[in-house]
Each structure stands twice: as structure tokens, then as C-alpha cells.
Amino acid sequence: MAIERRKRVRPKEIIFYWLPPIGYMALIFYMSSQPLEEFQLPDVWNIDKVAHFIEYGVLGIIWFRALNTVSVNSKQIVFVAFAITFLYGISDEIHQHFVPNRNSSIYDAIADGIGAWVGIWLYKRR
């Protein structure tokens, strides 16, 4: 049985690696709290799914980077980064259900999850 080695997080790493995903999640929450009239995307077929895909791809990448500072097990990092990102996407869709003039969509949550997985996969391959 392999013993997992943990890394020690330094204050500089907290600022550089851990604040970006938390701040980005706060930005997503703020944007999701705005009525739909305040934020309009171009009228292009499924542009909102592309936006979700990119938005959560970035979130998955920055979570992967943050988690990489505390663990050396790459498979666990991928899974945890994906889980955090995808669950946040689901919670964001639930949140949007309660915002006036917004709606929640299972398809947006799916785009969030696919974006998170692809973002993490691409970042890990570099």
C-alpha cells in the first residue's frame, strides 16, 4: 500500500494558487445573481453552452493548480478538481433558478462538467 505524500502549503502559494479559484467562483456567483437583461450574449446558436464550457474549463484548471500544491497524487487531484468544479456548476444552476429573470438548465450543468473535464485534461497534458 502506497503512502500518499502531502506537500506543505506556503503563504505565497495560498495567494497565488488558492485565491484565484475562490475569487473566480465568487465572480461566477455574482454574475449568476444578475438578472438576465443585465448580461446578454450574442444571438448565436448555443453560445451560452460555449460560455459555460469555457468558464468551467478555466475553473477546473485553476482548481487543479491549487490542489497540486497539497498533493502529489495526480489522479486524486484530477478527480477532486473535477468534482469541485462540476458540483459548483450544479449549485450555480440551482442558484439561478431563484434569481429573477434567470433560469436553470441541466444542459448548462452538462456543459459545465464537460468544460471542467476538458480544461483539466488539457492542462494536465501540457
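The values are calculated or read from the model by the stated rules, or taken from the named source; none is laboratory data. Computed from a prediction, not measured in an experiment: that's the story for all the values here. Note that we place each Cβ from the backbone using ideal geometry, even for glycine, and neighbour counts take in every protein chain shown.
Residue-by-condition table, conditions (1) assigned to a loop (DSSP other than H, G, I, E, B); (2) among the β-branched types (Val, Ile, Thr); (3) modelled with pLDDT under 90:
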| position | (1), (2), (3) |
| --- | --- |
| PRO42 | yes, no, yes |
| GLU55 | no, no, no |
| ALA66 | no, no, no |
| GLN76 | no, no, no |
| GLY89 | no, no, no |
| ASN101 | yes, no, yes |
| SER104 | yes, no, no |
| ALA111 | no, no, no |
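If I filter the stretch 51-83 down to residues being β-branched (Val, Ile, Thr) and in contact (Cβ under 8 Å) with a residue 40 or more places away in the chain, which single residue comes out as surrounded by the fewest Cβ atoms within 10 Å (Cβ to Cβ)?
Result: VAL72.
Filtering the stretch 105-126 to residues that are crowded, with 17+ Cβ neighbours inside 10 Å and more than 16 Å from the chain's Cα centre (by Cα) leaves nothing. Against the list (1) surrounded by 12 or more Cβ atoms within 10 Å (Cβ to Cβ); (2) over 17 Å from LYS124 (Cα atoms); (3) modelled with pLDDT of 95 or more, the condition PHE16 fails is (3).
Can you pull out the residues in the stretch 28-40 that are surrounded by 12 or more Cβ atoms within 10 Å (Cβ to Cβ) and either part of a helix (DSSP H, G or I) or at pLDDT 90 or above (or both)? Matches in the stretch 28-40: ILE28, PHE29, MET31, SER32, SER33, LEU36. Within the stretch 85-108, being closer than 20 Å to TYR24 by Cβ and touching a residue at least 24 places away in the same chain (Cβ under 8 Å) holds for THR85, PHE86, TYR88, GLY89, ASP92, HIS95, GLN96, VAL99, ARG102, ASP108.
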